[in-house]
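The values are calculated or read from the model by the stated rules, or taken from the named source; none is laboratory data. The structure presented is a predicted model; accordingly, all values stated were derived computationally and were not measured. Cβ sites come from the backbone with ideal geometry, for glycine too, and all protein chains shown count toward neighbours.
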Amino acid sequence: MTPPDATSKETSTSETRDQEATEMSTGGIPSEQPQAPEISEPRATERPGHAVRLKGLNAYYGQLHSIKDVTIEFPAHQATALIGPSGSGKSTVVRCINRMHEEIPGARATGSVMLDDHDVYAPDVDVTSVRRLIGMVFQKPNPFPTMSIFDNVAAGLRLTGTRSDDLRDTVHRSLRSVGLWDEVKDRLNEPGIGLSGGQQQRLCIARTIAIEPEVILMDEPASALDPLSTLKIEELVDELKERYTIVIVTHNMQQAARVADTTAFMLDGELIEHGPTSEIFTNPKDDRTERYVTGKFG
Ligand SMILES: Nc1ncnc2c1ncn2[C@@H]1O[C@H](COP(=O)(O)OP(=O)(O)OP(=O)(O)O)[C@@H](O)[C@H]1O
Ligand SMILES: [Mg+2]
(Lines give C-alpha, C1' and ligand atoms only; values in the text may rest on other atoms or scores of the structure.)
(Ligands and ions follow the chains in the order given, each with its own letter.)
Protein backbone atom coordinates (compact mmCIF):
# COMPACT_ATOMS: atom_id res chain seq x y z
CA MET A 1 0.00 0.00 0.00
CA THR A 2 1.47 3.31 -0.97
CA PRO A 3 1.14 6.50 1.02
CA PRO A 4 -0.42 9.57 -0.61
CA ASP A 5 1.35 10.50 -3.80
CA ALA A 6 4.41 12.16 -2.52
CA THR A 7 8.04 12.57 -3.41
CA SER A 8 11.17 13.54 -1.57
CA LYS A 9 10.58 17.03 -2.89
CA GLU A 10 7.33 17.14 -0.96
CA THR A 11 9.13 16.04 2.15
CA SER A 12 11.49 18.96 1.89
CA THR A 13 8.52 21.21 1.18
CA SER A 14 6.90 19.97 4.33
CA GLU A 15 10.04 20.67 6.32
CA THR A 16 9.95 24.24 5.10
CA ARG A 17 6.30 24.34 5.95
CA ASP A 18 7.02 23.12 9.45
CA GLN A 19 9.45 25.95 9.96
CA GLU A 20 7.23 28.60 8.55
CA ALA A 21 3.86 27.20 9.65
CA THR A 22 2.75 28.00 6.15
CA GLU A 23 -0.98 27.97 5.57
CA MET A 24 -2.20 24.63 4.33
CA SER A 25 -3.58 24.46 0.85
CA THR A 26 -7.30 23.88 0.63
CA GLY A 27 -7.46 22.06 -2.66
CA GLY A 28 -5.28 19.23 -3.88
CA ILE A 29 -4.24 19.13 -7.49
CA PRO A 30 -5.68 15.91 -8.83
CA SER A 31 -2.96 13.36 -9.25
CA GLU A 32 -2.97 9.72 -10.30
CA GLN A 33 -6.04 7.68 -9.47
CA PRO A 34 -5.42 5.60 -6.36
CA GLN A 35 -4.24 2.08 -7.13
CA ALA A 36 -6.74 -0.70 -6.58
CA PRO A 37 -5.90 -2.44 -3.31
CA GLU A 38 -4.03 -5.72 -3.67
CA ILE A 39 -7.00 -7.67 -2.41
CA SER A 40 -5.86 -11.07 -3.59
CA GLU A 41 -3.00 -10.93 -1.10
CA PRO A 42 -3.57 -12.77 2.15
CA ARG A 43 -4.28 -10.34 4.96
CA ALA A 44 -1.09 -10.07 6.92
CA THR A 45 -1.52 -9.16 10.52
CA GLU A 46 1.97 -7.71 10.40
CA ARG A 47 1.21 -5.01 7.85
CA PRO A 48 3.81 -2.33 8.07
CA GLY A 49 2.53 0.37 10.38
CA HIS A 50 1.88 3.96 9.47
CA ALA A 51 2.17 6.74 11.98
CA VAL A 52 0.39 10.08 11.82
CA ARG A 53 2.17 13.14 13.13
CA LEU A 54 0.66 16.55 13.65
CA LYS A 55 3.07 19.41 14.04
CA GLY A 56 1.99 22.89 15.04
CA LEU A 57 -1.57 22.29 13.88
CA ASN A 58 -3.83 25.31 14.10
CA ALA A 59 -7.38 25.23 12.83
CA TYR A 60 -9.89 28.00 12.36
CA TYR A 61 -13.56 28.45 11.60
CA GLY A 62 -13.62 31.97 10.24
CA GLN A 63 -12.31 34.11 13.12
CA LEU A 64 -12.60 31.29 15.67
CA HIS A 65 -9.20 29.82 16.47
CA SER A 66 -10.36 26.35 17.44
CA ILE A 67 -7.15 24.27 17.44
CA LYS A 68 -4.09 25.86 18.97
CA ASP A 69 -0.66 24.63 18.01
CA VAL A 70 -1.25 20.93 18.50
CA THR A 71 1.75 18.65 18.08
CA ILE A 72 1.12 14.96 18.61
CA GLU A 73 2.07 11.59 17.19
CA PHE A 74 -0.40 8.77 16.65
CA PRO A 75 1.89 5.71 16.54
CA ALA A 76 1.40 2.87 14.10
CA HIS A 77 -0.63 -0.14 15.24
CA GLN A 78 -1.89 1.63 18.29
CA ALA A 79 -5.21 3.06 19.30
CA THR A 80 -4.97 6.61 20.62
CA ALA A 81 -7.97 8.06 22.43
CA LEU A 82 -8.78 11.76 22.20
CA ILE A 83 -10.69 12.91 25.24
CA GLY A 84 -11.81 16.31 26.47
CA PRO A 85 -14.94 18.35 27.18
CA SER A 86 -17.46 19.23 24.50
CA GLY A 87 -16.06 21.94 22.22
CA SER A 88 -12.44 21.22 23.12
CA GLY A 89 -11.59 20.46 19.49
CA LYS A 90 -11.46 16.66 19.25
CA SER A 91 -13.59 16.38 16.10
CA THR A 92 -11.79 19.29 14.49
CA VAL A 93 -8.44 17.58 15.01
CA VAL A 94 -9.60 14.33 13.41
CA ARG A 95 -11.19 16.21 10.51
CA CYS A 96 -7.88 17.98 9.91
CA ILE A 97 -6.11 14.62 9.65
CA ASN A 98 -8.05 13.47 6.60
CA ARG A 99 -8.64 16.96 5.19
CA MET A 100 -12.33 17.05 5.87
CA HIS A 101 -11.94 20.28 7.82
CA GLU A 102 -11.31 22.23 4.63
CA GLU A 103 -14.73 21.18 3.28
CA ILE A 104 -16.42 23.43 5.84
CA PRO A 105 -16.98 26.91 4.42
CA GLY A 106 -14.64 29.44 6.05
CA ALA A 107 -12.54 26.74 7.71
CA ARG A 108 -8.78 26.57 7.31
CA ALA A 109 -5.76 25.02 8.97
CA THR A 110 -2.04 25.67 9.28
CA GLY A 111 0.85 23.49 10.39
CA SER A 112 1.56 20.01 9.15
CA VAL A 113 -0.08 16.60 9.10
CA MET A 114 2.28 13.83 8.10
CA LEU A 115 1.44 10.23 7.24
CA ASP A 116 4.85 8.67 7.76
CA ASP A 117 7.10 10.95 5.71
CA HIS A 118 4.37 12.24 3.47
CA ASP A 119 2.72 15.58 3.89
CA VAL A 120 -1.03 15.09 3.67
CA TYR A 121 -1.41 18.76 2.69
CA ALA A 122 1.29 18.89 0.01
CA PRO A 123 -0.02 20.77 -3.02
CA ASP A 124 0.15 17.82 -5.42
CA VAL A 125 -1.50 15.32 -3.07
CA ASP A 126 -4.93 14.26 -4.22
CA VAL A 127 -7.52 14.73 -1.44
CA THR A 128 -9.38 11.61 -2.55
CA SER A 129 -6.30 9.47 -2.07
CA VAL A 130 -5.78 10.99 1.40
CA ARG A 131 -9.32 9.99 2.38
CA ARG A 132 -8.83 6.52 0.98
CA LEU A 133 -5.73 6.05 3.12
CA ILE A 134 -7.21 7.73 6.17
CA GLY A 135 -10.73 6.39 6.66
CA MET A 136 -13.29 7.85 9.00
CA VAL A 137 -16.15 6.44 11.06
CA PHE A 138 -18.66 8.91 12.46
CA GLN A 139 -20.75 9.08 15.59
CA LYS A 140 -23.96 8.37 13.74
CA PRO A 141 -23.81 5.34 11.46
CA ASN A 142 -24.22 6.62 7.91
CA PRO A 143 -24.80 3.75 5.49
CA PHE A 144 -25.66 4.87 1.96
CA PRO A 145 -29.45 4.92 2.28
CA THR A 146 -30.35 3.59 -1.14
CA MET A 147 -27.77 0.78 -1.18
CA SER A 148 -27.92 -2.84 -0.12
CA ILE A 149 -25.69 -4.24 2.62
CA PHE A 150 -23.36 -5.66 -0.04
CA ASP A 151 -23.22 -2.48 -2.07
CA ASN A 152 -22.52 -0.35 0.98
CA VAL A 153 -19.31 -2.28 1.58
CA ALA A 154 -18.51 -2.51 -2.13
CA ALA A 155 -19.03 1.18 -2.89
CA GLY A 156 -15.46 2.33 -2.33
CA LEU A 157 -13.98 -0.71 -4.06
CA ARG A 158 -16.05 -0.09 -7.17
CA LEU A 159 -14.50 3.35 -7.45
CA THR A 160 -11.09 1.70 -7.60
CA GLY A 161 -12.18 -0.57 -10.46
CA THR A 162 -11.93 -3.83 -8.51
CA ARG A 163 -12.88 -6.98 -10.47
CA SER A 164 -16.17 -8.53 -9.47
CA ASP A 165 -14.77 -11.79 -7.99
CA ASP A 166 -12.27 -9.89 -5.92
CA LEU A 167 -14.97 -7.45 -4.97
CA ARG A 168 -17.17 -10.21 -3.59
CA ASP A 169 -14.28 -11.76 -1.65
CA THR A 170 -13.32 -8.45 -0.15
CA VAL A 171 -16.89 -7.56 0.82
CA HIS A 172 -17.34 -10.93 2.53
CA ARG A 173 -13.98 -10.69 4.27
CA SER A 174 -14.68 -7.15 5.48
CA LEU A 175 -18.04 -8.22 6.88
CA ARG A 176 -16.33 -11.11 8.68
CA SER A 177 -13.68 -8.76 10.05
CA VAL A 178 -16.28 -6.64 11.77
CA GLY A 179 -18.17 -9.68 13.08
CA LEU A 180 -21.22 -8.97 10.96
CA TRP A 181 -21.06 -11.85 8.51
CA ASP A 182 -23.27 -14.32 10.39
CA GLU A 183 -25.85 -11.64 11.00
CA VAL A 184 -26.13 -10.51 7.38
CA LYS A 185 -24.98 -13.32 5.12
CA ASP A 186 -28.54 -14.27 4.17
CA ARG A 187 -29.64 -10.70 3.49
CA LEU A 188 -26.79 -9.11 1.60
CA ASN A 189 -29.16 -7.61 -0.95
CA GLU A 190 -31.38 -5.96 1.63
CA PRO A 191 -30.96 -2.26 2.39
CA GLY A 192 -28.12 -1.29 4.74
CA ILE A 193 -30.41 1.04 6.61
CA GLY A 194 -32.57 -1.95 7.57
CA LEU A 195 -29.92 -3.02 10.08
CA SER A 196 -29.88 -2.06 13.76
CA GLY A 197 -27.78 0.94 14.82
CA GLY A 198 -24.95 -1.24 16.10
CA GLN A 199 -25.01 -3.36 12.96
CA GLN A 200 -25.05 -0.23 10.79
CA GLN A 201 -21.98 1.07 12.59
CA ARG A 202 -20.15 -2.21 11.99
CA LEU A 203 -21.30 -2.03 8.36
CA CYS A 204 -19.74 1.43 8.11
CA ILE A 205 -16.52 0.10 9.61
CA ALA A 206 -16.60 -2.77 7.08
CA ARG A 207 -17.03 -0.18 4.32
CA THR A 208 -14.04 1.72 5.69
CA ILE A 209 -11.72 -1.28 5.93
CA ALA A 210 -12.79 -2.76 2.57
CA ILE A 211 -10.57 -0.28 0.80
CA GLU A 212 -7.65 -1.05 3.09
CA PRO A 213 -6.84 2.34 4.57
CA GLU A 214 -3.71 2.86 6.67
CA VAL A 215 -5.40 4.86 9.40
CA ILE A 216 -8.92 4.79 10.82
CA LEU A 217 -10.32 7.86 12.54
CA MET A 218 -13.33 7.19 14.75
CA ASP A 219 -15.31 10.10 16.12
CA GLU A 220 -17.35 8.76 19.04
CA PRO A 221 -18.17 5.60 17.10
CA ALA A 222 -20.14 3.98 19.90
CA SER A 223 -21.81 6.89 21.63
CA ALA A 224 -25.14 6.28 19.90
CA LEU A 225 -25.09 2.54 20.56
CA ASP A 226 -26.42 0.17 23.20
CA PRO A 227 -23.92 -1.44 25.64
CA LEU A 228 -23.64 -4.71 23.73
CA SER A 229 -22.98 -2.99 20.40
CA THR A 230 -20.53 -0.71 22.17
CA LEU A 231 -18.68 -3.74 23.47
CA LYS A 232 -18.52 -5.18 19.96
CA ILE A 233 -17.07 -1.95 18.59
CA GLU A 234 -14.49 -1.88 21.37
CA GLU A 235 -13.47 -5.48 20.67
CA LEU A 236 -13.23 -4.58 17.04
CA VAL A 237 -10.96 -1.61 17.74
CA ASP A 238 -8.72 -3.94 19.67
CA GLU A 239 -8.48 -6.28 16.68
CA LEU A 240 -8.21 -3.55 14.07
CA LYS A 241 -5.23 -1.90 15.66
CA GLU A 242 -3.13 -4.90 14.68
CA ARG A 243 -3.60 -3.75 11.11
CA TYR A 244 -4.37 -0.05 11.31
CA THR A 245 -3.44 3.06 13.20
CA ILE A 246 -6.50 4.15 15.11
CA VAL A 247 -7.53 7.49 16.54
CA ILE A 248 -10.73 7.28 18.57
CA VAL A 249 -12.59 10.23 20.03
CA THR A 250 -14.62 9.32 23.06
CA HIS A 251 -16.43 10.89 26.00
CA ASN A 252 -16.43 7.57 27.74
CA MET A 253 -13.43 7.26 30.06
CA GLN A 254 -13.96 3.55 30.58
CA GLN A 255 -13.94 3.10 26.84
CA ALA A 256 -10.67 5.00 26.49
CA ALA A 257 -9.23 2.91 29.32
CA ARG A 258 -10.36 -0.31 27.62
CA VAL A 259 -9.28 0.34 24.04
CA ALA A 260 -6.54 2.95 23.93
CA ASP A 261 -2.80 2.43 24.29
CA THR A 262 -2.30 6.13 24.77
CA THR A 263 -4.74 8.90 25.59
CA ALA A 264 -4.59 12.59 24.73
CA PHE A 265 -6.51 15.18 26.72
CA MET A 266 -7.68 18.33 24.95
CA LEU A 267 -9.06 21.50 26.47
CA ASP A 268 -10.09 24.69 24.67
CA GLY A 269 -8.33 23.65 21.48
CA GLU A 270 -5.05 22.83 23.17
CA LEU A 271 -3.45 19.48 23.73
CA ILE A 272 -2.88 19.42 27.47
CA GLU A 273 -1.35 16.02 27.90
CA HIS A 274 -0.70 12.81 25.97
CA GLY A 275 0.65 9.64 27.50
CA PRO A 276 0.04 5.96 28.21
CA THR A 277 -3.65 5.54 28.99
CA SER A 278 -3.05 4.14 32.47
CA GLU A 279 -0.90 7.14 33.35
CA ILE A 280 -3.42 9.66 32.05
CA PHE A 281 -6.11 8.09 34.20
CA THR A 282 -4.18 7.28 37.34
CA ASN A 283 -1.25 9.64 37.46
CA PRO A 284 -1.71 12.58 35.09
CA LYS A 285 0.95 15.27 35.07
CA ASP A 286 -1.39 18.20 34.54
CA ASP A 287 -3.90 19.37 37.09
CA ARG A 288 -6.49 20.01 34.41
CA THR A 289 -6.23 16.43 33.15
CA GLU A 290 -6.67 15.17 36.68
CA ARG A 291 -9.77 17.29 37.19
CA TYR A 292 -11.26 16.08 33.91
CA VAL A 293 -10.59 12.37 34.39
CA THR A 294 -11.91 12.49 37.94
CA GLY A 295 -15.10 14.11 36.71
CA LYS A 296 -14.53 17.48 38.35
CA PHE A 297 -15.28 19.43 35.19
CA GLY A 298 -16.50 18.93 31.64
N1 LIG B 1 -18.71 23.80 11.55
C2 LIG B 1 -18.30 24.64 12.51
N3 LIG B 1 -18.41 25.98 12.35
C4 LIG B 1 -17.99 26.83 13.30
N5 LIG B 1 -17.43 26.46 14.46
C6 LIG B 1 -17.28 25.15 14.67
C7 LIG B 1 -17.71 24.16 13.72
N8 LIG B 1 -17.44 22.93 14.21
C9 LIG B 1 -16.87 23.14 15.41
N10 LIG B 1 -16.78 24.45 15.70
C11 LIG B 1 -16.22 25.05 16.93
O12 LIG B 1 -14.88 24.60 17.09
C13 LIG B 1 -14.62 24.27 18.46
C14 LIG B 1 -14.21 22.80 18.55
O15 LIG B 1 -15.33 22.03 18.17
P16 LIG B 1 -15.26 20.43 18.00
O17 LIG B 1 -16.51 20.02 17.33
O18 LIG B 1 -13.98 20.09 17.37
O19 LIG B 1 -15.24 19.98 19.53
P20 LIG B 1 -15.38 18.51 20.14
O21 LIG B 1 -14.29 18.39 21.16
O22 LIG B 1 -15.44 17.51 19.07
O23 LIG B 1 -16.78 18.62 20.89
P24 LIG B 1 -17.89 17.46 21.16
O25 LIG B 1 -17.32 16.63 22.27
O26 LIG B 1 -19.08 18.24 21.59
O27 LIG B 1 -18.10 16.71 19.89
C28 LIG B 1 -15.90 24.62 19.22
O29 LIG B 1 -15.77 25.90 19.75
C30 LIG B 1 -16.97 24.58 18.16
O31 LIG B 1 -18.02 25.45 18.47
MG1 LIG C 1 -16.92 16.16 18.43
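When you look at H77, is it in contact with a Phe, Trp or Tyr (Cβ under 8 Å, 6 or more places away or on another chain), away from ligand 2 (no atom under 16 Å from the Cβ) and either part of a strand (DSSP E or B) or at pLDDT 70 or above (or both), yes or no?
Yes, satisfied.
Looking at this structure, is G87 in a loop (DSSP other than H, G, I, E, B), at pLDDT 95 or above and among the small types (G, A, S)?
yes
Determine whether G111 is more than 12 Å from ligand 1 (Cβ to nearest atom), over 30 Å from L195 (Cα atoms) and either without any contact (Cβ under 8 Å) to a residue 12 or more places away in the chain or not in a helix (DSSP H, G or I) (or both).
Against the criterion (more than 12 Å from ligand 1 (Cβ to nearest atom), over 30 Å from L195 (Cα atoms) and either without any contact (Cβ under 8 Å) to a residue 12 or more places away in the chain or not in a helix (DSSP H, G or I) (or both)), G111 qualifies.
Which one of the conditions (1) surrounded by 24 or more Cβ atoms within 10 Å (Cβ to Cβ); (2) within 16 Å of ligand 1 (Cβ to nearest atom); (3) of a type outside the set (A, V, I, L, M) does Y60 fail to meet, given that it meets all the rest?
Failed condition: (1).
Would a scan of segment 14-22 turn up a residue that is buried (at least 17 other Cβ atoms within 10 Å of the Cβ) and either of a type outside the set (D, E) or at pLDDT 95 or above (or both)?
Yes: one or more hits.
Out of the residues in segment 223-270 meeting the condition of being under 17 Å from H77 (Cβ atoms) and either touching a Cys at 6+ places or on another chain (Cβ under 6 Å) or in a loop (DSSP other than H, G, I, E, B) (or both), tell me which one is nearest to ligand 1 (Cβ to nearest atom).
Checked segment 223-270; the qualifying residue nearest to ligand 1 (Cβ to nearest atom) is A260.
Of everything in segment 83-101 that's within 15 Å of N252 (Cα to Cα), more than 9 Å from ligand 2 (Cβ to nearest atom) and buried (at least 21 other Cβ atoms within 10 Å of the Cβ), which residue is nearest to the chain's Cα centre (by Cα)?
Among residues in segment 83-101 that are within 15 Å of N252 (Cα to Cα), more than 9 Å from ligand 2 (Cβ to nearest atom) and buried (at least 21 other Cβ atoms within 10 Å of the Cβ), the one nearest to the chain's Cα centre (by Cα) is I83.
Please determine whether any residue of segment 194-212 is in contact with a Ser or Thr (Cβ under 9 Å, 6 or more places away or on another chain), farther than 19 Å from G156 by Cβ and within 16 Å of ligand 2 (Cβ to nearest atom).
No; the residues of segment 194-212 include none that is in contact with a Ser or Thr (Cβ under 9 Å, 6 or more places away or on another chain), farther than 19 Å from G156 by Cβ and within 16 Å of ligand 2 (Cβ to nearest atom).
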